[in-house]
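Asker: If you scroll down you'll find the structure; I have some questions about it.
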Amino acid sequence: MTDISTQKTTRTQGKFDHLIYVLRENPVTLLAFIMFAFIILSALVGPAFVPYDPLETNASRALQAPSWKHWFGTDSVGRDVFSRVIVATRLDLSISVAAVALSFVIGSILGSIAGYWGGWLDSVLNRFLDTIMAFPLFVLAMGIVAALGNTIENIIYATAIINVPFYARLVRAEVNIRRDAGFVRAAKLAGNSDLRVLAMHIFPNALPPMMVQVSLNLGWAILNAAGLSFIGLGVRPPTPEWGIMVAEGANFIVSGEWWLAVFPGLWLMFAVFTFNLLGDGLRDLVDPRKRT
Amino acid sequence: MLKVKDLAVSFKTRRGDVQAVRGISFALARGEILGVVGESGSGKSVTSYALMRILDAGGSIIAGDATYSGLDLRNATERDMRDIRGREISMIFQNPRAALNPIRKVGHQIEDVLRQHAQATKYNARTKAIEALKAVRINDAEARYEAYPFELSGGMCQRIVCAIALACNPRLLIADEPTTGLDITTQKAVMDLVRDLIRERKMSSILITHDLGLAAQYCDRIVVMKDGMIVEQGDPKRIFIEPQHSYTRKLVDATPRQGESIRSLLPVEDRIDIPNHVVYDAPLLEVRNLVKTYQGKSGPVHAVKDMSFKIKWGQSVGLVGESGCGKSTTSEILVRLMDATSGEVLFDGQDISAIAAKDFAKNPLRSDIQMVFQDATDSLNPRHTSRHTIAEPLRQLGKMRGAKLTARIEELATLVGLPSALLDRFPHQLSGGQKARVGIARAIALEPKFLILDEPTAALDVSIQAVVLNLLVDLRAKLGISYLLVSHDLHVVRLLCDHVIVMKDGQIVEQGPADIVMNTPKDDYTKTLLAAAPQPPARRQKAQIPGGNPC
């Protein structure tokens, strides 16, 4: 029994140890998690700490350049841009998280069914998803919001719908390659029903690539929501939201008041960048093979 | 011709440098075939990559010399190496399908290497490529020139790889596990061809393999490697008859041979008596006129054509055949993962083929029929720990929970010889033998009456195969399970089984008691199979092995 005695008897670490390990292993991941923590923090407690009320207008201090008093300057009706940018984080983040969660769930279910059972169900679902993807996605989202009405829920639904095909396809492929794997057949021999095999054995194995998709998608969903607001089909003024702020600020760039559009734009970029960086780290986190 | 002195290769990894090869020295004479034998991780492939200077990123030669006909291989420029590869030294890789570019015609791939080394011009490349194909005895070479790798069988692909390797008349051929994954008759054909070509062209060759029997049959000299070091080298016969090093002795012992008992695979000190298993004269499983037909693209494919056989209570039956003979389909049907087209499968008198495969998970008979899968790695969920994996059937079918479940898992781990510390590991943290044990523990968790073993040791090193086979013998005696061992390896079947069924093209060509079929085969196909298996030299007669013949 020498094949066993030579092995070191290390025990598997806990989830928290694993997180620490992943962060230490990859400095980019660590940076991404710090940036992510900053965004989460500004979404949670930002509104309580900003120096000014984001909605309070004051004509006497309109269009002031960035200064120690107003870090990001003020806008045309004298609102503090810094306060507005920070307060907007919560709204933008909730829209993207809700939309991504919704498309993750719907896409996973559709993709799992198509990948596992195949046949006509697979063909029908695939053609349906092809149809969605054949539309210019942003135009589709515009159409949905325009048809359903200009509310935050509808922005979430629209963003979710245009994202579903990506998840469904990914899950379908991941499930499909594992459909006849040895461990799946073994799970059936252990008395698992098809549904249980799919949910407990196959689907979790699709999680690592899904996490990369989720993370990239979060950034993309923020851009999408901001884009909808930018063209006037989303959150309505005066609610602070990065897209509207950029749209409003764009009018003032020609006259030299650059800070109105640049700072919300920078924040938008920062958020998207964070989520793009986060993907690999999240994947490493849910992949047990990284736990050695 | 080739001289290697104190060669050491090291790889940079996350956990510091790992020495894969630690100072090996050997020489290869002109016209000699040298066998490099070792188990996985012994550094035998790395040695050959180092000689060709095609080590993976992070790997480098840190010490020693390698000279080929006076040329220093360690310090040669990349430009010189490119010239040498293919023209002076060429290589045959393990997986012929992976070694060929899937989207190019095989003829073009041969032309590539010819033109790379200026052995052919644009105008005569085609003729020369067809000549190369003819040299490896491919029938209808003109037509094969146009084929894509996916249109050819594994053996045919390996011939193409040989053709590419030999196209420029190299002086040295390195064959890295050239027949792993090929059927036993194909293995013989490919190896015979390679040997003949090497002799014909007066080339030298290094054959890297884990199969000591194969090396003994085809090599002039054998080098045995372990943990990056050469532990022994010498004449194959001498190594078999009088192994000097303890590791060589262990390898020689673990290589299955004719006329030896299963215990003799183990080191001498572990050879305890073979426990007897009782065979009752009542059928546990009866297969009647089993037929399975798939709907293929070009008409129906007859995977299983009218098979009938019986397995008695406690009996171990071997199902032997080459890939595509329908043995896997048969086992899938018996284990109720697949429905048969027609025919009956009576398990303890009950027709289980009448129950659809998808409903069988809820049938009370589910826990009586279990299976050990071919590839232990593939059969374990990468996200589940060993404990979770073994618990799965106990939870789902045995309805066990809590302390009772934990106790049973520990008991099973002890039974299959898996240290309980390994229970909380994920599959990727286990070795091949450990994964095989987890798979067996899961299969016997519910004490099935009938266990299908689908090539349970195909992916394992011989020394681990020896341990696993002996474990199976012990379990059979302890638990009274009937086995159906599906295998292409006749030696393994001979060791473990009471009864043998030989299959070809979906039909049984011969069946009977193991020693009768193995020693006095009647059917030509059985004879071919037996002749194709490598015949390692017999061991010097030693003291009688206790326990005698298990069959």
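Asker: Could you state the per residue volume, in Å³, of the convex hull enclosing the Cα atoms of the protein assembly as shown?
Answerer: 215
Asker: Return the long-range amide H neighbours of residue B:226 (sequence gap of 5 or more, or a different chain), with a cut-off of under 5 Å between placed amide H atoms.
Answerer: Sorted by chain and number, the residues that satisfy this are B:231.
Asker: Considering only C-alpha atoms, what is the centroid distance from the stretch A:172-190 to the stretch B:319-365, in Å?
Answerer: After rounding, the separation between the Cα centres reads 18 Å.
Asker: 5 Å is the cut-off here: which amide hydrogens, built 1.01 Å from N in the peptide plane, fall below it relative to residue B:452, excluding neighbours closer than 5 in sequence?
Answerer: Result for residue B:452 returns B:370, B:371, B:372, B:484.
Asker: I'd like the mean, over residues of B:392-404, of how many other protein chain beta carbons sit within 10 Å of each residue's own Cβ.
Answerer: 3
Asker: Which residues' amide hydrogens lie under 5 Å from the amide hydrogen of residue B:21, considering only partners 5 or more residues apart or on another chain, with H built in the peptide plane?
Answerer: B:9
Asker: Could you give the longest part of chain B that holds none of the chymotrypsin sites (Phe, Trp or Tyr not before Pro) found in DSSP loops with at most 15 neighbouring Cβ atoms within 10 Å?
Answerer: B:281-551
Asker: Calculate the length of the line joining the C-alpha centroid of the stretch A:50-115 to that of the stretch B:143-180, in whole Å.
Answerer: Their Cα centres are 62 Å away from one another.
Asker: Turning to a different aspect of this structure: Compactness ratio of the stretch B:283-532: Cα Rg over 2.2 N^0.38 Å, N = residue count?
Answerer: It is 1.01.
Asker: Work out, in µm²/s and without decimals, the Stokes-Einstein translational diffusion coefficient of chain B at 4 °C, 1.567 mPa s, Rh from Kirkwood over C-alpha pairs.
Answerer: It diffuses with D of about 51 µm²/s by this estimate.
Asker: How large, in Å, is the stretch B:177-292 by the Kirkwood hydrodynamic radius built from its alpha-carbon pairs?
Answerer: Kirkwood radius, the stretch B:177-292: 17.5 Å.
Asker: Moving on. Read phi for every residue in the stretch A:131-148 and hand back ³J(HN,Hα) as whole Hz from Karplus 6.51 cos²θ - 1.76 cosθ + 1.60, θ = phi - 60°, with x for Gly and Pro.
Answerer: Working through the residues one at a time gives 4, 4, 6, 5, 6, x, 4, 5, 5, 4, 4, 4, x, 4, 5, 5, 6, 7 Hz.
Asker: Here's something else I'd like to know. In the structure shown, do any of B:312/B:449; B:292/B:312; B:3/B:44 have a Cα-Cα gap over 21 Å, and if so which?
Answerer: B:292/B:312
Asker: Pairs of Cα atoms under 8 Å, at least six residues apart: use those to get the relative contact order of chain B, whole percent.
Answerer: 15
Asker: Expressed as a whole number of Å, what is the distance separating the alpha-carbon centroids of the stretch B:487-506 and the stretch A:229-264?
Answerer: 77
Asker: As I understand it, the dipole of the stretch A:95-292 uses +1 on the Cβ of Lys and Arg and -1 on the Cβ of Asp and Glu, about the Cα centre. Which of A:183, A:173, A:95 lies farthest toward its positive end?
Answerer: A:183
Asker: Counting only other chains, what is the mean number of Cβ atoms within 10 angstrom of the Cβ of each residue in peptide A:176-185?
Answerer: 5
Asker: Under the Karplus relation 6.51 cos²θ - 1.76 cosθ + 1.60, θ = phi - 60°, what is the ordered set of whole-Hz ³J(HN,Hα) values for the stretch A:70-87, x standing for Gly and Pro?
Answerer: Listing the rounded values in order: 10, 4, 9, x, 10, 9, 5, 10, x, 7, 6, 5, 4, 4, 5, 4, 5, 5 Hz.
Asker: For chain A, set up a Gaussian network in which alpha carbons nearer than 10 Å are linked by springs, and say which option among A:222, A:155, A:231 fluctuates the most.
Answerer: It is A:231.
Asker: Output ³J(HN,Hα) for the stretch B:166-182: one whole-Hz value per residue in order, computed from phi by the Karplus curve 6.51 cos²θ - 1.76 cosθ + 1.60 with θ = phi - 60°, and x for Gly and Pro.
Answerer: Using θ = phi - 60°, the values come out as 9, 4, 9, 6, x, 8, 9, 10, 9, 10, 9, 6, x, 10, 5, x, 9 Hz.
Asker: Beyond 21 Å between alpha-carbons counts as too far, so tell me which of A:15/B:404; B:105/B:128; B:188/B:435; B:305/B:504 fall in that bin.
Answerer: Result: A:15/B:404; B:188/B:435 exceed 21 Å.
Asker: What percent of all Cα-Cα pairs in the stretch A:202-257 falls in each 5 Å bin, counting up from 0?
Answerer: Bin by bin from 0 Å, the calculated values are 5, 18, 18, 14, 13, 10, 8, 7, 4, 2, 1, 0.
Here, each number is a calculation from the coordinates, and none is a lab measurement. Quantities reported herein were computed from a predicted structural model and do not represent experimental measurements. Virtual Cβ from ideal backbone geometry, glycine too; neighbours counted across all protein chains shown.
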